[in-house]
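Remarks on the structure that follows.
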Amino acid sequence: MAGNRSKKRKKGAQNTSRAKGLSANTTADSNRGVDLVPEDEAVLTTRNSGEDGSVHIGKYLAAGDSKSAVKLAKRFYAKQESPEAEELLVKAYMARIESMRARGLYVEADAIAENVELHHPSFSNQLEGVRLSLAAGAGNLDKIATVLNEPSLSPQRQKMVDSAIYGYLTNIQALANCDAIAADHPLRVAAGALFEAMESVTSGPVESAELSLPEVSRRSPLAAWKYLVRAIGSFYRGDDQQCREYLDRIDLLAESQARGCDTLCDGSKAGVSAPVYTPACMELAVLLRAMIDDPDQAACKRKGPVFELVTSVVKHDDLPLRRALKELDTAFRGEYLQDVIQAVRHTVTTCRRYQPLLLDKIKHHVIVTCLRHGMSLGKLTAAMGGIPRINAYFWRLFAHDVENNQREEFACLFWEQFRKHAVQEGIFSEQGPETVAVYLHMIELLQRIPPDELKNVQVSFAEKAIAHDLLQAFYVNQPEELKALGPQQGDKSTKYFLYPERIFEQICSQHVDSEIYSRWVQYVTYDNQDQKVINKVLERWHEAIPDDSRPLLLLAEAARLRKAFTKALQYLDKAEKCDALNPKVKRARLKMWVSKAGAHLKQKKPHLVEKDCLELDAIPQCQEGDKPAFIVGLRWLAAAQAGNKQAQQECRKKIQDILGNDFDSEIFLMCIQSEYDFKVGKIPKIPKGRALHDSQGRYCLICEEMGLQPDLSLTTEVYKTLKSELSKKTIDTATDRMLALGRVLARDNFNEAKRILFALSGHGLRMGSQNEANFLFLRGQSLPYFLSERKKECFAVVAELARRQRNMELAAQAIDCYRRQSCSFWGDDKVTASEGMIADILDEEKKAKNFPEFNTKDFFGNIKKRFQDSPLENIFYGDDDDDDFDDEDDFFDDDEDVFFDDDDDDLDSDDSFGLLDPPALPGENRSNQQPRAKPIPGQKPLFDDIFNDSKELVPPGDAEPFELDSLLDANMPLDIPPIGFGVNPPPPPGCEEVRSRKRNNQRNRNKRRRRKGKK
Amino acid sequence: MSEAQNSASEPWAVLDVSPEADCGQIRKAYLAKIQKYPPDRNPAEFEKIRDAYEELRDPIRRTQRMLLSVDPQASVSSLLEEGYGKRRFVGIKPWLAVLEK
């Protein structure tokens, strides 16, 4: 029996030593341990061999085999029953507890400690310290709170608590939230401040000054944490040196504890409890130091939380994915589909390993890029390992891409899909303002399509169910909840998203906003729709927002224009009721009566004119400044119609009195006669010190104040006089009169009016001061149509200057003109100008004295120069051959047909450039902008161009770039029908001819290239 | 921010928020910024911040900007966050997890 036991013990000892994985020395000890057992038996059987027993137990402890040590010590104590044997047993138990704590077995360790305390009460002091440290390590702070809350806490016990917190507390949040400790207890306050600081320092950049942490004193058991938080702050700021300094302080703290360990640990019976030197946060400090010096080594130490922290913080594992993505980019730029497929396969594998969450996004980009390049999606889908889940991000990406390629109708279709997915994914709410933003964007896109073409598109979509067929391809193999957002079986209904009015209706049904109604009115006005349609929108606006005077004013204006004065007055009455103080409402009434009087004059009803004038007299504003002259002028005209010469004389006298001089009154009467189609005489002799433009400016100003837009008829005589006056170096005219005259001239499309306006704006600009923006605006309007870029620059500067002067009306007008030049209806582009641009433009326009003339020679010369100088332009115009225009023969090559193409339906972006945007002419030397490719009615060649290019990119056999459907394998899920991008809507007449001509041109270019290459 | 390909002048970049940030996050970022750059000390910066906030506070204008914030023609490598090797803020959890036994 005894023999069997001996064998079991022997085997147990061997197993224990193996399980612990001891070091070389330890292994030697354990080997000796094999012989220890029989010796132990011998030792334990003799009462006088106590010394030998303690030696053997010490050997076990030194070897780290606390379990065997406890076993032996227990038997040794049972035999000896001496105080020394008891101390040895408690020491072995302490080692056992320490070993369990190291493995995180706090509860088990505490149970042993409790048992030991029960059986060996003389060691209760030491054991209490151990149990407190176990509680701190486990985050169970009730025991610590009980000690802290003792009414008369001895310094010894305080040290015990501090020691437990210093060495074992890792959960500072638990201490901060421990309700058992008073809220204002320094330890709890310090823990709260530390946790907060640590949270902010690991979540975003924090300045070092914000980490002073006065709540944590130098002597606090949490002082090490303070240094740790500061070290992390420095780490994230990239200040590694300072980080090291803080980590050194933690080391110093640990050293100081080691030197005077009994200040914090309970070492009253040295050797019984292990002294606490290192703070609980030391492991993080060590890791942080390793991360600064060598993150890879830090991560490789072991897996688990350390590895995760290092990889997530330092991101050292991104590199392979980064390389794979760069290779994919290179492959997309390259020539071979096979390379792309390989790169996609490699990227997907790498991404799956390193950033699986990014995989779908990468796949979305790959699909969109492939569709853009006309690559075979079948093989790519296989390389990607399947189609990703279609989501709002994908549709946003795809819609934006299609929009960039000027396929607005498809972009609208995809934005609609984006909206549906965004609502489903909870990004938007169905009725929220974000949805309105998507709708408005769709309207803006539709606005870019010429009206005739839009109608064709609407018909095509309605008749051929294009949207249904196209979208279906994207929803194959998608989950059911996503399929519900795709096209439904048999759904061939007309799509509302191709009809701006319906979109506006949709918006207004869910979002009542004056701004939206205003845009709707703008849209129907720009679209040159019937006034009835405009009025319907205005009525709807008024119904939705009755307190808004704007629709009423617009309705009144519309009624005034169709001479429905009674109706106009009704609207004005309503407008006055809701916004009586609005100056626009007051001006509208004035304008209405002036119009009525004008109508009566034209109807030759002078008696009614007098009634109108009486109404005007009753309006207080009409008695200000020169305005009474206008009313007297109307009476003068009525008297002329009635043949009442005496009344005419009286009126003339009154006007002379009001205006203060004869010449101004004569010019005033001439102008007002011209305004109301009366016979006009010659210009009276201009007295010295007076000027025609000054008097005309005064008349224009009076008219504007009366709400009238005057129309100056520029006879040859008037034009010559004005030209002569404005050709002088300086003029002496009031700025407001100049501006009023300028505004009238700007509305005149007559070329001579633009020339006078050019000269007038030059004088105004040279005057400087606050009105520079106004005169520059006139300058922009005076410039001829072929200087569109120069016009745009002027308007951009005006918008910026007006913004700075808070002249929002002028800013809005300038932006409107800018967008008209850009052919953009709403325009997302912010119209701004830099400080340098403002100075340059003002300087150039002040210096410009000659009206720019169109010069055919310069026009072609500039085109040639442009192509020679700027390879970018060649790229823009679709010509990838740098040397295509390097000699005269090439430039005027018949094959190119660049300028002399007979086709009206010229669709080729290569060919249409000269007509869309003439190059810089003299006086326009700042053309570094790219002309915007306008949509041409009846055709949209961009996708065709892309597929054309891709034919060169993709080797034969890999893909058929012209037909999108042939790019797709029959068995692949993403089966986009032929009515996709390059082919739909049904090709307008001439499309195929143009494509064929393009191919011929391309062939000719290639031939020339080859010829040159041979030379 | 990575997907936005924003230039420094973009309002999101000025306020240091992502294009998907909601009204609350934008306002919080704005308040933090103006606290850092008060108008009396940094008028130019304050104006920039103010303009960016004006641009983003209106949900319609903000969404219209957001729609086009992803550049489909950008290289796929730009999908990864910029600044290889830069230290990333991961919050307190992973840090404290290292101390857990």
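The values are calculated or read from the model by the stated rules, or taken from the named source; none is laboratory data. From a predicted model like this one, the values you see are computed outputs, not experimental measurements. Cβ atoms come from the backbone with ideal geometry, glycine included; neighbour counts cover every protein chain shown.
Residue A:285 passes all but one of (1) within 14 Å of another protein chain (Cβ to nearest Cβ); (2) modelled with pLDDT of 80 or more; (3) out of contact with any helix residue (DSSP H, G or I) (no Cβ under 6 Å at 6 or more places or on another chain); which number fails?
Unmet condition: (3).
Cβ-Cβ distance below 9 Å, separation of 6 or more or different chains: which pairs start in segment A:436-447 with a residue that is touching a residue at least 24 places away in the same chain (Cβ under 8 Å) and at the interface with chain B (Cβ under 9 Å from one of its Cβ atoms) and end on one that is among the polar types (S, T, N, Q) and not in a helix (DSSP H, G or I)?
If the second residue must be among the polar types (S, T, N, Q) and not in a helix (DSSP H, G or I), the pairs left are A:444/A:824.
Go over the candidates A:138, A:174, A:145, A:180 one by one and state the one that is more than 20 Å from residue A:227 (Cβ to Cβ) and in contact with a Gly (Cβ under 7 Å, 6 or more places away or on another chain).
None of the other options fit; the residue is A:174.
Please determine whether any residue of segment A:173-194 is polar (S, T, N, Q), within 13 Å of chain B (Cβ to nearest Cβ) and over 25 Å from residue A:256 (Cα atoms).
Taking every residue of segment A:173-194 in turn, at least one turns out to be polar (S, T, N, Q), within 13 Å of chain B (Cβ to nearest Cβ) and over 25 Å from residue A:256 (Cα atoms).
Going through segment A:653-683 one residue at a time, which ones are closer than 17 Å to residue A:720 by Cα and exposed (fewer than 15 other Cβ atoms within 10 Å of the Cβ)?
Correct list: A:681, A:682.
Name the pairs: first residue in segment A:554-569 and touching a residue at least 12 places away in the same chain (Cβ under 8 Å), second residue among the aromatic types (Phe, Trp, Tyr), Cβ to Cβ under 7 Å, at least 6 apart or on different chains?
A:555/A:571; A:556/A:571; A:559/A:571
Just one of (1) more than 19 Å from residue B:90 (Cα to Cα); (2) surrounded by 17 or more Cβ atoms within 10 Å (Cβ to Cβ) trips up residue A:198, so point out which.
So residue A:198 meets the others, but not (1).
Restrict the check to segment A:627-641 and report whether at least one residue is farther than 18 Å from residue A:709 by Cα, part of a helix (DSSP H, G or I) and without any contact (Cβ under 8 Å) to a residue 24 or more places away in the chain.
No, segment A:627-641 contains no residue that is farther than 18 Å from residue A:709 by Cα, part of a helix (DSSP H, G or I) and without any contact (Cβ under 8 Å) to a residue 24 or more places away in the chain.
Check every one of the helices (runs of 4 or more DSSP H) wholly within segment A:357-436 and list those with 2 or more residues that are touching a Phe, Trp or Tyr at 6+ places or on another chain (Cβ under 9 Å).
A:359-373, A:392-404, A:408-424
Can we say residue A:197 is modelled with pLDDT under 90 and within 22 Å of residue B:87 (Cβ to Cβ)?
Considered against the rule, which asks whether it is modelled with pLDDT under 90 and within 22 Å of residue B:87 (Cβ to Cβ), residue A:197 comes out as no.
Only one of these conditions is not met by residue A:602: (1) at pLDDT below 90; (2) basic (Lys, Arg); (3) surrounded by 20 or more Cβ atoms within 10 Å (Cβ to Cβ). Which number is it?
(3)
If only one of B:62, B:57 is at the interface with chain A (Cβ under 8 Å from one of its Cβ atoms) and charged (D, E, K, R), which one is it?
One residue alone meets the criteria, B:62.
Pairs, please: C-beta under 6 Å, at least 6 apart or cross-chain, first residue farther than 18 Å from residue A:606 by Cβ and in segment A:672-696, second polar (S, T, N, Q) and not in a loop (DSSP other than H, G, I, E, B)?
A:680/A:673; A:680/A:674; A:692/A:721
Could you please find all residues in segment A:387-396 being out of contact with any Asp or Glu (no Cβ under 9 Å at 6 or more places or on another chain) and either small (Gly, Ala, Ser) or within 12 Å of another protein chain (Cβ to nearest Cβ) (or both)?
Within segment A:387-396, A:396 is the sole residue that qualifies.
With the condition being more than 22 Å from residue A:684 (Cβ to Cβ), I'd like the helices (runs of 4 or more DSSP H) fully within segment A:704-789 carrying at least 3 qualifying residues.
A:735-747, A:751-767, A:772-782
Given the structure, is residue A:329 within 10 Å of chain B (Cβ to nearest Cβ) and modelled with pLDDT under 80?
In short, no.
Take residue A:113 and decide whether it is more than 55 Å from the chain's Cα centre (by Cα), within 14 Å of another protein chain (Cβ to nearest Cβ), at pLDDT 85 or above and crowded, with 21+ Cβ neighbours inside 10 Å.
no
Looking at (1) at pLDDT below 90; (2) surrounded by fewer than 23 Cβ atoms within 10 Å (Cβ to Cβ); (3) within 30 Å of residue A:95 (Cβ to Cβ), find the lone condition where residue A:223 falls short.
Of everything listed in (1) at pLDDT below 90; (2) surrounded by fewer than 23 Cβ atoms within 10 Å (Cβ to Cβ); (3) within 30 Å of residue A:95 (Cβ to Cβ), residue A:223 misses just condition (1).
Among the residues of segment B:47-76, write down those that are buried (at least 18 other Cβ atoms within 10 Å of the Cβ), closer than 24 Å to residue A:351 by Cα and free of Cβ contacts under 8 Å to residues at least 12 places away in the same chain.
Selection gives B:72, B:76.
For a quick check of your reading of the model, give me the residue pairs whose first member lies in segment A:407-430 and is surrounded by fewer than 23 Cβ atoms within 10 Å (Cβ to Cβ), whose second is of a type in the set (Ser, Thr, Tyr) and in a helix (DSSP H, G or I), with beta-carbon atoms closer than 8 Å and at least 6 apart or on different chains.
Sorted first by the residue in segment A:407-430, then by its partner, the pairs are A:423/A:435; A:429/A:435.
Quick one: residue A:43 ticks every box in (1) more than 30 Å from residue A:185 (Cβ to Cβ); (2) surrounded by 20 or more Cβ atoms within 10 Å (Cβ to Cβ); (3) of a type in the set (Val, Ile, Thr); (4) modelled with pLDDT of 80 or more bar one, so which box is it?
(4)
Answer yes or no as to whether residue A:468 is buried (at least 18 other Cβ atoms within 10 Å of the Cβ), within 14 Å of chain B (Cβ to nearest Cβ) and either aromatic (Phe, Trp, Tyr) or out of contact with any Cys (no Cβ under 6 Å at 6 or more places or on another chain) (or both).
So residue A:468 fails the test.
For residue B:62, are the conditions met, namely being at pLDDT below 90 and not in a helix (DSSP H, G or I)?
Against the criterion (at pLDDT below 90 and not in a helix (DSSP H, G or I)), residue B:62 does not qualify.
Please go through segment A:365-386 and pick out each residue that is closer than 12 Å to residue A:337 by Cβ, away from chain B (no Cβ under 12 Å) and buried (at least 21 other Cβ atoms within 10 Å of the Cβ).
A:374, A:375, A:376, A:377, A:379, A:380
So, of the residues in segment B:75-89 that are farther than 15 Å from residue A:394 by Cβ and at pLDDT 80 or above, which turns out to be farthest from the other protein chains (Cβ to nearest Cβ)?
By that ranking, first place goes to B:78.
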